[in-house]
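*Asks:* Sharing a structure with you now.
Read the figures in this text as sums done on the coordinates, not as results from a lab. Quick caveat: nothing in here was measured; it's all calculated off a predicted structure. So basically every Cβ, Gly included, is an ideal-geometry build from the backbone, and we count neighbours across all protein chains shown.
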2 protein chains.
Amino acid sequence: MIVTTHTARFDSLELDCGRALEPVDIAYQTYGELNREKSNAILILHAFSGDAHAAGISEQTGKPGWWDNMIGAGKAFDTNRYFMISSNVLGGCSGTTGPSSIDPRSGHPYGSKFPPVSIRDIVRLQKKLTDSMGIEKLLAVAGGSMGGMQALEWAVSYPQSVAAAMPIATTHRHSAQQIAFNEVGRQAIVADPDFHRGDYYDAKHPERGLAVARMIGHITYMSDDSMREKFGRRRLKLADEDSMFEVESYLRYRGGQFVSRFDANSYIVITRAMDTFDLNAGGGPLEARFDGSGTRFLVLSFTSDWLYPSYQSQEIVRALRSRNLDVAYVELESNYGHDAFLVEAGEQTALIKGFLEKTFQRL
Amino acid sequence: MIVTTHTARFDSLELDCGRALEPVDIAYQTYGELNREKSNAILILHAFSGDAHAAGISEQTGKPGWWDNMIGAGKAFDTNRYFMISSNVLGGCSGTTGPSSIDPRSGHPYGSKFPPVSIRDIVRLQKKLTDSMGIEKLLAVAGGSMGGMQALEWAVSYPQSVAAAMPIATTHRHSAQQIAFNEVGRQAIVADPDFHRGDYYDAKHPERGLAVARMIGHITYMSDDSMREKFGRRRLKLADEDSMFEVESYLRYRGGQFVSRFDANSYIVITRAMDTFDLNAGGGPLEARFDGSGTRFLVLSFTSDWLYPSYQSQEIVRALRSRNLDVAYVELESNYGHDAFLVEAGEQTALIKGFLEKTFQRL
């Protein structure tokens with residue numbers, strides 16, 4: 001399946017901060033066919049550093065999508081049955097308007113002038129996209145990590161437009177520890193003298209800071225066990241007597257690789273969107289946010305995920321159940337830590353397939 | 001108790017890497033009185049960023065020592081009964097020879113020319129210090145985190161010189177995850193353009209990189225729970241609408257504070273010593289390292305310590321017991337994460353007091 005990225009443009013997007021982006025672009029891919037009733041559309045929501053290329057082989061890069069093991073003919077999200085939509089988030093750097101986009105007022109990249117965005121803003125832009133396709137109600141929204149936050153926000157902001165939501169390995173708001181890990185990444189970027197308060201597009205980018213930020217991220221995505229299995233205390237065989245541990249080499253490689261595909265300002269803007277996301281911000285019980293919702297939920301978490309621990313998924317489940325919503329929750333056994341939602345296709349497939357089928361039949 | 005730091009100088013210290021430091025200084029403090037038989041001496045071993053000032057009020061700074069809640073008259077390490085010695089580690093930056101010390105061959109700080117040091121080198125220098133005091137056998141060696149590694153190394157390198165060892169919240173070797181966290185800290189320093197491969201002493205120091213490294217460390221020293229209790233999602237009350245989370249402000253403050261008292265090269269040298277420490281490096285069973293040892297052990301770990309999880313202490317206990325050594329192990333309940341060994345004085349005091357008394361009686 002060779003896939004290509006499309007772009008939709010809208011005249012304006014109002015933001016929670018009070019400002020607006022005019023115009024705004026959103027990059028997206030689709031897989032499968034939208035049926036005549038427009039009732040088989042599923043929106044896939046990517047995690048922090050993802051992009052619109054969720055499945056198939058990219059026409060541009062030749063690489064498979066980030067959830068290709070889950071999306072395709074006969075897979076969990078079966079493209080023979082469903083019409084899949086996947087878009088790049090607002091504030092990102094892979095086709096959707098973000099800090100590296102040209103600000104039409106100045107003719108230069110937004111840089112430090114890019115407004116803060118929220119998960120709700122991200123979802124609001126996605127809603128414009130699905131509206132433009134004539135889709136009144138999505139069969140499902142699904143995503144892991146920050147994708148799960150978007151799935152929750154969809155269910156709360158547009159309950160009539162979502163038949164089912166699948167928040168995976170996620171939370172309804174970040175803990176102090178989750179904010180702290182993001183903040184250290186941001187500080188690594190800001191500490192880079194090439195950052196220039198975000199206005200670096202006509203010079204060297206803050207690559208060293210961004211690489212360090214990514215290394216921290218990678219540790220939190222894996223588990224103690226999965227790192228032990230993958231690296232242990234093995235060293236690179238170098239002539240040098242003071243040879244590196246393999247895990248050190250891996251982190252440096254992944255950090256260096258990341259800077260070629262990601263923008264430091266997007267790192268800051270998107271991690272801020274995650275940190276400020278709080279489904280319960282207004283006070284009062286979390287469950288009140290789900291009042292009157294008819295959305296069905298499948299909530300998944302993973303045993304070794306210490307970045308988004310299972311207790312956070314269970315808080316969501318508790319709130320949903322206390323409003324008597326239709327919610328299934330499974331904690332999956334895995335050693336892969338937070339990465340499990342990307343890696344563990346087997347059990348997720350069985351659970352998601354049945355959940356989607358039943359939702360589709362009930363429409 | 002007003003205390004002052006002394007310095008002992010030795011002509012030479014042979015290092016595991018094959019090089020030697022000539023001369024070498026070691027900064028230390030003592031509390032209490034050495035008895036006539038020289039049988040009541042206890043060596044306290046500090047963690048990564050500690051120094052010789054473990055107890056009392058510093059004559060120089062007016063501040064209490066890092067384990068003042070544990071060392072003093074009537075405390076866990078009772079200075080009415082025992083003679084306490086605490087020294088700064090080799091490679092450090094608080095009086096003992098390290099990268100910021102003057103290299104007598106050049107008249108300039110060692111900087112990039114400082115040799116790699118091992119935990120065994122650190123302990124070898126401590127042994128010179130206790131030998132110089134005429135102490136043939138220490139009543140005990142005790143320390144948490146990297147201090148626990150030194151306690152283990154003492155028991156293995158000088159089993160006849162240690163009646164009892166207390167490795168607390170530690171491991172006999174770092175896991176891939178522990179190496180990874182240290183490596184990201186090192187990379188944050190190396191990424192700072194002020195680092196100049198370690199030769200920065202006559203210019204601006206790599207303060208931004210060192211501050212980022214410290215922020216990462218702080219997250220790993222706390223627990224998810226303790227961060228929630230301390231910070232939650234509270235924000236600073238600023239006029240700015242985009243106000244900071246308290247946890248962000250705390251991390252920036254601690255990072256900034258650290259650079260005023262710590263040296264970036266010491267950060268690299270000492271974390272390397274921790275990462276390369278492997279009591280089982282020669283292969284074969286770990287327990288073989290304790291063959292013939294008569295040392296008694298008290299091993300402590302803490303339930304919420306995810307940086308040095310209890311399973312690592314239990315590996316040590318298993319090895320010791322399989323050689324039928326006298327070992328007591330307690331996993332203490334605490335929410336404080338790795339910091340617990342510094343904070344939780346109550347239960348540690350009860351355990352350590354009795355253990356020391358019995359060891360002293362049996363001498």
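*Asks:* Which distances, in nm and shortest first, link the B:Asn80 label point to the same label point in every other copy, taking 7 Å along Cα→Cβ?
*Replies:* Distances to the matching label points in the other copies: 8.3 nm.
*Asks:* Placing a label point 7 Å from Cα toward Cβ, how far apart in nm is B:Asp16 from its equivalents in the other copies, listed shortest first to one decimal?
*Replies:* 5.0
*Asks:* May I pose another question? From the phi of every residue in the stretch A:76-92, what ³J(HN,Hα) in whole Hz does the Karplus formula 6.51 cos²θ - 1.76 cosθ + 1.60 yield, where θ is phi - 60° and glycine or proline is x?
*Replies:* 3, 9, 7, 6, 6, 10, 10, 9, 9, 10, 9, 10, 7, 6, 4, x, x
*Asks:* Calculate the spin-label point distance for B:Ile57 paired with B:His6, positioning each point 7 Å from the Cα along the beta-carbon direction, and give it in nanometres.
*Replies:* Modelled inter-label distance: 2.3 nm.
*Asks:* Counting other Cβ atoms within 10 Å of each Cβ, which GluC sites (Glu not before Pro) in the stretch A:117-198 have at most 16 and sit in a DSSP loop?
*Replies:* Loop-located and lightly packed - A:Glu136.
*Asks:* Related question: Return the average number of partner chain Cβ atoms within 10 angstrom of each residue Cβ along peptide A:271-284. Write out the running numbers ahead of the final one.
*Replies:* Details: counts 0, 1, 0, 0, 4, 4, 0, 1, 0, 1, 1, 0, 0, 0.
What the average comes to for A:271-284 is 1.
*Asks:* Could you give the nm distance between label points at A:Asp291 and A:Lys358, where each point is 7 Å from its Cα heading toward the beta carbon?
*Replies:* 2.8 nm
*Asks:* Same structure, new question: Report the trypsin sites (Lys or Arg not before Pro) located in the stretch B:193-227 that are in a DSSP loop and have at most 15 other Cβ atoms inside 10 Å of their Cβ, or state none.
*Replies:* Filter output for the stretch B:193-227: B:Lys204.
*Asks:* In the stretch B:218-282, what trypsin sites (Lys or Arg not before Pro) fall in a loop by DSSP, with at most 15 other Cβ atoms inside 10 Å?
*Replies:* B:Arg234, B:Lys237, B:Arg261
*Asks:* Right, another one. What length, rounded to one decimal in nm, is gained on full extension from B:Arg318 through to B:Arg105, with 0.36 nm per residue of separation minus their alpha-carbon distance?
*Replies:* Length difference between fully extended and current span is 72.0 nm.
*Asks:* Right, another one. Grab the beta carbon distance between A:Ala281 and A:Glu14, set R0 = 30 Å, and tell me the FRET efficiency rounded to 0.05.
*Replies:* 0.95
*Asks:* Let me confirm one metric for peptide B:169-182, namely the mean number of other chain beta-carbon atoms within 10 Å of its residues' beta-carbons. Each step should come with its number before you reach the end.
*Replies:* Working: counts 0, 0, 0, 0, 1, 3, 8, 18, 11, 3, 10, 13, 3, 2.
Taking the mean over all residues of the peptide, I get 5.
*Asks:* Express the Stokes-Einstein translational diffusion coefficient of the stretch A:50-112 in µm² s⁻¹, to the nearest whole number, given a Kirkwood radius over alpha-carbon pairs, 4 °C and a viscosity of 1.567 mPa s.
*Replies:* 97 µm²/s
*Asks:* Under 5 Å between amide hydrogens, which residues at least 5 positions from B:Gly143 or on another chain qualify, with H placed 1.01 Å from N in the peptide plane?
*Replies:* So B:Gly143 has HN proximity to B:Leu45, B:Met166, B:Ile168.
*Asks:* Which of the peptides B:284-290, A:217-223, A:275-281 is most tightly packed, and how do the rest follow, judged by the mean count of other Cβ atoms within 10 Å per residue? If you can, show how the numbers build up before the last one.
*Replies:* Values: B:284-290: 16.3, A:217-223: 22.4, A:275-281: 18.3.
The packing order, highest mean first, is A:217-223, A:275-281, B:284-290.
*Asks:* Moving to a separate point now. What translational D, rounded to a whole number of µm²/s, comes out for chain A from Stokes-Einstein when the hydrodynamic radius is the Kirkwood one over Cα pairs, at 20 °C and 1.002 mPa s?
*Replies:* This corresponds to a translational diffusion coefficient of 102 µm²/s.
*Asks:* Label the stretch A:250-363 by shape, choosing from rounded, prolate and oblate, from the square roots a ≥ b ≥ c of the eigenvalues of the Cα gyration tensor; if a/c is under 1.5 it is rounded, and otherwise prolate applies when a/b is larger than b/c, oblate when it is not. Can you show the working numbers first?
*Replies:* Values: a/c = 2.09, a/b = 1.40, b/c = 1.49.
Because a/c hits 1.5 or more and a/b fails to exceed b/c, the stretch A:250-363 counts as oblate.
*Asks:* On to the next question. Restricting to Cα atoms and excluding each atom paired with itself, what does the Kirkwood estimate give for the stretch A:178-273 in Å?
*Replies:* This gives a value of 14.5 Å.
*Asks:* Amide H neighbours of B:Tyr329 under 5 Å, counting only residues 5+ apart in sequence or on other chains, H built in-plane at 1.01 Å?
*Replies:* Those qualifying (amide H under 5 Å, at least 5 residues apart or on another chain) are B:Val299.
*Asks:* Once the label point is placed 7 Å from Cα along Cβ, list for A:Glu315 the distances to the corresponding points in the other copies, in nm, shortest first.
*Replies:* 3.3
*Asks:* Distance between Cα centroids, the stretch B:255-285 to the stretch A:297-338: provide it in whole Å.
*Replies:* 37 Å
*Asks:* Let me ask something additional. Kindly state, to the nearest 0.05, the FRET efficiency for A:Glu136 paired with A:Ser249, given R0 = 60 Å and r defined as their beta-carbon distance.
*Replies:* Details: r = 51 Å, r/R0 = 0.85.
Efficiency at R0 = 60 Å is approximately 0.75.
*Asks:* What full-extension length gain, to one decimal in nm, is calculated for A:Arg235 and A:Val330 as 0.36 nm per residue of separation minus the Cα-Cα distance?
*Replies:* Working: separation 95, 0.36 × 95 = 34.20 nm, distance 3.79 nm.
Additional length available on full extension: 30.4 nm.
*Asks:* When you look at the Cβ of every residue in A:225-232, what mean number of other chain Cβ atoms sits within 10 Å? Could the numbers behind the result be given before it?
*Replies:* Values: counts 3, 2, 6, 3, 1, 1, 5, 3.
Mean inter-chain Cβ contacts per residue within 10 Å come to 3.
*Asks:* Okay, next question. Taking the Cα centre of the protein assembly as shown as origin, sum charge times position over the Cβ atoms of Lys and Arg (+1) and Asp and Glu (-1), and report the length of that vector in debye to the nearest 20.
*Replies:* Using Cβ point charges on Lys, Arg, Asp and Glu, the protein assembly as shown gives about 400 debye.
*Asks:* Next up: I'd like the Karplus ³J(HN,Hα) series for the stretch A:356-361: coefficients 6.51, -1.76, 1.60, θ = phi - 60°, whole numbers in Hz, and an x wherever there's a Gly or Pro.
*Replies:* Computed from phi, the couplings for the stretch A:356-361 are 5, 4, 5, 4, 5, 4 Hz.
*Asks:* Residue by residue, what Karplus-based ³J(HN,Hα) values in Hz, rounded to whole numbers, does the stretch B:159-168 have, using 6.51, -1.76 and 1.60 with θ = phi - 60° and x for Gly and Pro?
*Replies:* x, 6, 9, 9, 6, 8, 10, 10, x, 10
*Asks:* How big is the protein assembly as shown on each of its three principal axes, counting only the C-alpha atoms and giving the largest first in Å?
*Replies:* Principal extents (largest minus smallest coordinate, Cα): 95, 52, 52 Å.
*Asks:* For the stretch B:302-363, what log10 I(q)/I(0) values come out of the Debye formula at q = 0.19, 0.25, 0.29 1/Å, with one point per alpha carbon and no solvent?
*Replies:* -0.83, -1.09, -1.15
*Asks:* How many nm separate the modelled label positions at B:Ala345 and B:Lys38, each set 7 Å beyond the Cα in the direction of the Cβ?
*Replies:* 3.2 nm
*Asks:* For chain B, set up a GNM with springs between Cα atoms under 10 Å and report which of B:Ser304, B:Ser12, B:Ser313 has the largest fluctuation.
*Replies:* Taking springs between Cα atoms under 10 Å, the residue moving most is B:Ser12.
*Asks:* Listed here are the pairs A:Lys63/A:Lys353; A:Lys63/A:Lys237; A:Lys137/A:Lys358; which of them are more than 21 Å apart at the Cα? Intermediate values should be presented prior to the final figure.
*Replies:* Working: A:Lys63/A:Lys353 25 Å; A:Lys63/A:Lys237 30 Å; A:Lys137/A:Lys358 16 Å.
Pairs exceeding 21 Å: A:Lys63/A:Lys353; A:Lys63/A:Lys237.
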